[in-house]
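Here is the structure we will look at.
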Amino acid sequence: MKKQYFLIIGLVLILALVLVACGGGGSSDKESPIKIGAVYDMTGPTADVGAPYGRGEQGYVDWLNANGGVNGRKVELIGQDYAYKVDQAEQLYSQYVNQDKVVAFMGWGTGDTEALRGKIAKDKIPFMSASYSINLAKIKEAPYNFLAGVTYSDQMVIALQWALQDAKAKGVEPKVVVFHHDSPFGQSPVPDGKAFADANGIAYTDIAMPKGATDLTPQLTQAQDFGATYVIIQNVSSPAALLLKNAKSLGMTDKTQFICLNWCADELFIKLSEGAAEGAMGIMPFTSDFSVPGAKDPAEYLKSKGKSLDDEGLHYVQGWWTVATMIQGIKLTMDANKDLTGENIKASLESIKNFSTGDVTAPISFSPTDHRGNDKAKVHQVQGGVWTPITDYMQSRIPVE
Amino acid sequence: MESGIFHSTYEKDMALRHTPIEKIRLALVIAFVLIFPFVADNYWLNLANTIGVVIVGAVGLNILTGFTGQISLGQGAFMAVGAYTAALLSIRWGAPMWLTIPAGAISTAIIGAIFGIPSLRLKGLYLAIATLAAQEIILWVITHWDAVTGGVDALNAQNILWFGGESHYFSEFQFYWIIMGFAALTTMVTVNIFRTRIGRAFIAIRDQDIAAEVMGIDLFKYKVLAFATSSFFVGLAGALIAHWRQIVTWERFTIETSIFYLAVIIIGGLGSVSGSIYGAIFMVLLPAILNNIGRSLKGVIPAMDVLIPFIQQAVFGLVIILFLILEPEGIAKMWKNVRDYFRLWPFSY
C-alpha cells in the first residue's frame, strides 16, 4: 500500500517535470505569431465585468487572425484568469515576459496594474489595462502604461459638471456623495472630484461601500443625512445595483440623482437592479449602443460563434477595442519597418492620432507627454431599461504631472 | 544494519544532523541554491524568490502555530506591517535597505506582541477569531490612516543603499541572493531557537499549557514572546516583499494571504522548520506546474486554458484535504517516512 502510494507520487512528479520541460521556448522571427500577454478576471471579485471584457480581448484577436492578422502575421494572445490576485498577476506577467517573450501586455485591475508599473517600465513592455486610474497617466512613474478609456478622475469631473448644470436647471443645491469601492480602484477619483467640487462650490463627501455587503441602507442613510442630491458611484455593477435597490426601498431615488461611472454603467447594472436603475445616469466613455459601426464586427463575430453581443454587453466591445488599440500600435511599428520592441511599439502608440473605434468611443489619440487616449464621454440615462445618451460628448482633462 | 536512530548521549540528542547522509544532503542543497541562479531564467528566478519569501513567512508562522500551538489568522496583516514600515521609512526618510528591513521586522514584532496579549486568555477557535480581528484592524488602519500610509494608494518603496542615495534597481538575480540570505538566516536562527530554553518552553506550551505552567514556565511571557518572535520573521518577509516588488499595496496582504500561509505550514508540516520549507516550495510550484501542464495540453484539449483556474482551485482544496487525511504531519513527515524506509530496510520498526 505504502509503496504504491510513493510510486504514484513519483510518477506524477516525473510527468509534471517532463511536461514542464516541453513547455516554454520561443523564437521571434518574422513568421512566428506576435505574442501579447494578458491577465483576465474571470472568477474573481470583479468577474461580473471582467469576464466579458476578457472574452472581448480574446474575440478580437481570434477575429483578427481569421481576417489575415496584422500585415499577414498572426497574433497570439497568451492570457489566463488571475482572479484579481496581485501575486498571481505578477507571476503570470513574469512568465509571459520572460518565457514567452511577449511584446505587449493587456492587464485588468488597478491594484495589479499599479503593482506592475515599475516592472513594466524596466522591461519596456507597453501595457494597457482596464484600470483608468489617474496614477497610471503619470508619465514619469508609469512611462509604459497607456489608457484607452477616460480616467476615473476625468469621468468624475464630467459627472460633476453634468450635476452642476442639472442642479442649475432644476434649481436644487448640488450636494454630492461619492459611493466607492474600498480599494485603489474605488478611491482613485475621490480626491480629484473633491478638488473640482471645492473650486465650484459643490458640497462633497465620500462613503466607502464595504466589500461583500448585502445591505447598503446604513451608508445610504448617511448620504440622506448629508442631504445628497447627487450620488456618484465608482464601483462595479453588482454592488452598484444593490445600492440602487436599497435606495429605492428608502424612497431616495425620487429626490436623489444616481450617477454611475463607467464600471457600473452597463447592462448588468440595469438587469440586477430590477427596475430600480430607471432614471439613473451613467458616464460612458464606451457606448452601449450596438448600432454604431464599431460594434458591427464584434456582433458578427459572436453571431458566427452562436452567441450574441446583447448577451455579452458593452464590456465585450470595450475589451475588443482596447486590444485593437494596442495592436494598432504594433501595426504602425511594422508599417515603419521597425523591430517589434517595447520601445518601438511605445513610440508608435504615442504617434496615434484620432484612431477611430467606429464611434464606440471618441477617437483615441496618444502623445509622448500624455498617455490618456481619451477624454470624452457621453452622459447616458436609463430610460425604459436601456442606456440612452442624453448629452453629446463631454470633456475633461485635468492636469497630471 | 540499523533499525532506527537511538541517542545515547545528550550531545547526540541535541545535534542538528544525526547521520552523515544528512550532512551530504545539506551540502547538496547548498550547492543547488548556489548554482541555480546561474542556470535559471528570470521566470524561474522569480519563482525561486517567491519561494524564498514564503519560506521566511512560513517559518515565522510555524514558530507561532506549529511550535507554540497558537493559531493565527493575522499573517497577512502582520506582513503588511513589515512591508509598510520598510516602504514608508525608505520613502519618507530615504532610509537605506539595511535599516528598513530590520525595522520592518522589529516593528512587526512589537505589533505582533501587542496582538498576542489576548492569547493568554484565549485558546483555539477564540484565538483564531482574535487574530482575525487583528487582520481586519491592521488592514483597516493601513487603508484609512491616509496621513501616514497614504490610504489605499500603492506605495513605491525605494531600494536605497546608503543615506541620501538614489533608489537602486535590483534584478531578480541580485535579489535572489538577498532573499536566500534572509531565508537561510531565518532557518538557522529558528532551528537553534528550539535548542534553547525559550524554544522548549514554546513546545511545552503547545503540548500542554497547564503542565508547562506547573513546570515553571511563565505562560504570559512565553506566549507574548512567541507572538513577537513569529511576527519578527513574518514582518521580515513583508519587508522583503516591499523591496523586492517595490510596490506596496494592501491588496497583497488580505485574509487570503493568511490562509495561504496556514496551508503552507499544514501541508509542509506543523512544528517543523524543514516542513515550512517543503510547504513553501510545494505551494508555490504547484500552481506554476499546473499552469505549465495546462498550457502544454492546450493543443490536445482546446478548452484547457479556460479550465486551468478552476482546476488550480480544485487541486488546491483537494491537496489540503488529502494531506489532512493521509499525512496530517505534512511533507516533512512524508519525507521522513521515505527516508526511513530506505535507510532502515529491512528492519524498519
Of the residues B:G268, B:G235, B:G299, which exhibits the maximal mean-square fluctuation in a Gaussian network model of chain B defined by a 10 Å Cα contact cut-off?
B:G299
Among A:P218, A:P363, A:P184, which one moves the most in a GNM of chain A with springs linking Cα atoms closer than 10 Å?
A:P218
Among the lysines, which have Cα under 18 Å from the Cα of A:K353 when same-chain residues fewer than 8 positions away are ignored?
A:K331, A:K376
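If you average the sequence gap of Cα pairs under 8 Å that are 6 or more apart and divide by the length of region A:341-401, what percent do you get for the contact order?
Details: 76 pairs, mean separation 12.9, N = 61.
Reported as a whole number, the value is 21 percent.
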How far is the Cα center of region A:127-195 from the Cα center of region A:272-286, in Å?
17 Å
³J(HN,Hα) computed for each position of region A:192-207 - Karplus, 6.51 cos²θ - 1.76 cosθ + 1.60, integer Hz, glycine/proline x:
5, x, 5, 4, 5, 4, 4, 5, 10, x, 9, 6, 8, 8, 10, 10
5 Å is the cut-off here: which amide hydrogens, built 1.01 Å from N in the peptide plane, fall below it relative to A:D81, excluding neighbours closer than 5 in sequence?
A:Y40
In order through region A:215-225: 3J(HN,Hα) via Karplus (6.51 cos²θ - 1.76 cosθ + 1.60), integer Hz, x for Gly, Pro
8, 10, 4, x, 5, 5, 4, 4, 5, 5, 4
Once B:W177 and B:I320 are pulled to full extension, the length gained, defined as 0.36 nm per residue separation minus their Cα-Cα distance, is 48.4 nm
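Take every Cα pair under 8 Å in chain A that's 6+ residues apart, average their separations, divide by the length, and report that relative contact order as a whole percent. The partial results should precede the final answer.
Numbers: 763 pairs, mean separation 68.3, N = 401.
Computed value for chain A: 17 percent relative contact order.
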Length-normalised contact order of region B:23-253, Cα under 8 Å, at least 6 apart, in percent, tallies to 41 percent
Any idea how far the Cα center of region A:42-66 sits from the one of region B:305-349, in Å?
37 Å
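For B:Y84, B:Y126, what ranking results if the residue with the fewest other Cβ atoms within 10 Å of its Cβ goes first?
Working: B:Y84 29, B:Y126 13.
Arranged by neighbour count, lowest to highest, B:Y84, B:Y126 become B:Y126, B:Y84.
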Debye log10 I(q)/I(0) for chain A, one point scatterer per Cα, at q = 0.11, 0.13, 0.14 Å⁻¹
-0.78, -1.05, -1.19
Which pairs break 29 Å Cα to Cα here: A:K74/A:K303; A:K168/A:K296; A:K101/A:K211?
A:K168/A:K296; A:K101/A:K211
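Please order A:F105, B:F347 by the number of other Cβ within 10 Å, starting at the fewest. The partial results should precede the final answer.
Numbers: A:F105 28, B:F347 9.
Going from least to most buried by this count: B:F347, A:F105.
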Signed unit charges on C-beta, dipole axis of region B:23-253, positive-most listed residue B:I142, B:I51, B:L125
B:L125
Mean other chain Cβ within 10 Å across B:146-156 is 4
Starting at the first residue of region A:386-401, write each ³J(HN,Hα) from the Karplus equation 6.51 cos²θ - 1.76 cosθ + 1.60 with θ = phi - 60°, in whole Hz, x for Gly and Pro.
9, 5, 10, x, 10, 9, 7, 4, 10, 10, 8, 9, 6, x, 10, 7
Total charge dipole magnitude, region B:23-253, about the Cα centre, Cβ charges on Lys, Arg, Asp, Glu only, Debye to nearest 20
740 debye
Cα lying deepest toward the dipole's positive end in chain B, options B:F220, B:I106, B:F163, charges on Cβ
B:F220
Show me the GluC sites (Glu not before Pro) within region B:1-101 that DSSP assigns to loop and that have at most 13 other Cβ atoms within 10 Å of their Cβ.
B:E2
Please list, or write none, the aspartates and glutamates whose alpha carbon is within less than 15 Å of the alpha carbon of A:K255, excluding same-chain residues fewer than 8 places away.
A:D166, A:E173, A:D225, A:E278
Cα centroid of region B:198-222 to Cα centroid of region A:290-321, whole Å
66 Å
With a cut-off of at most 10 other beta carbons within 10 Å, and DSSP calling the residue loop, which GluC sites (Glu not before Pro) in region A:27-95 qualify? Please list them.
A:E31
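At a 10 Å Cβ-Cβ cut-off, how would you order A:R73, A:R55, fewest neighbours first? Don't skip to the answer; put the middle values down first.
Numbers: A:R73 17, A:R55 21.
Going from least to most buried by this count: A:R73, A:R55.
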For A:T388, what residues show an amide H to amide H distance below 5 Å, using hydrogens built from the backbone and excluding near sequence neighbours?
A:Q381, A:V382, A:Q383
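In what sequence, highest mean first, do B:226-233, A:189-196, A:221-228, A:134-141 appear when ranked by Cβ atoms within 10 angstrom?
Details: B:226-233: 28.2, A:189-196: 21.0, A:221-228: 16.4, A:134-141: 18.2.
The peptides rank, most packed first, as B:226-233, A:189-196, A:134-141, A:221-228.
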Spatially proximal lysines relative to B:K12 (Cα-Cα < 28 Å; intrachain offsets below 8 disregarded):
B:K23, B:K333, B:K336
Once amide H atoms are placed 1.01 Å from N in the peptide plane, what residues at a sequence separation of 5 or more from A:F258, or on another chain, have their amide H within under 5 Å of its amide H?
A:V231, A:M281
For the protein assembly as shown, build the charge dipole from Cβ charges (+1 Lys, Arg; -1 Asp, Glu) around the Cα centre, then report which of B:F342, B:S258, B:I210 sits farthest towards its positive end.
B:F342
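Return the equivalent ellipsoid semi-axes of the protein assembly as shown as a descending list in whole Å, where each equals the square root of 5 times an eigenvalue of the C-alpha gyration tensor. Don't skip to the answer; put the middle values down first.
Working: eigenvalues 464, 200, 110 Å².
Semi-axes (√(5λ), whole Å): 48, 32, 23.
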Where is the GNM fluctuation largest for chain A (alpha-carbon springs, 10 angstrom cutoff): A:K271, A:K175, A:K122?
A:K122
Per-residue [θ]222 nm for the protein assembly as shown (sum of -39500 (n - 2.57) over DSSP H runs n ≥ 4, rounded to 500):
-18500 deg cm²/dmol
Loop-only check: which trypsin sites (Lys or Arg not before Pro) in region A:300-373 are DSSP coil with at most 11 other Cβ within 10 angstrom?
A:K305, A:K353
Using every Cα-Cα pair within region B:23-253, state what percent have a distance larger than 28 Å.
34 percent
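Quick note: the coordinates plus some simple rules give every number you see, no bench work behind them. What you are looking at is a predicted structure, and each value in this text was computed from that prediction instead of being measured. For neighbour counting, all protein chains shown are included, and Cβ atoms are generated from backbone atoms with ideal geometry for every residue, glycine included.
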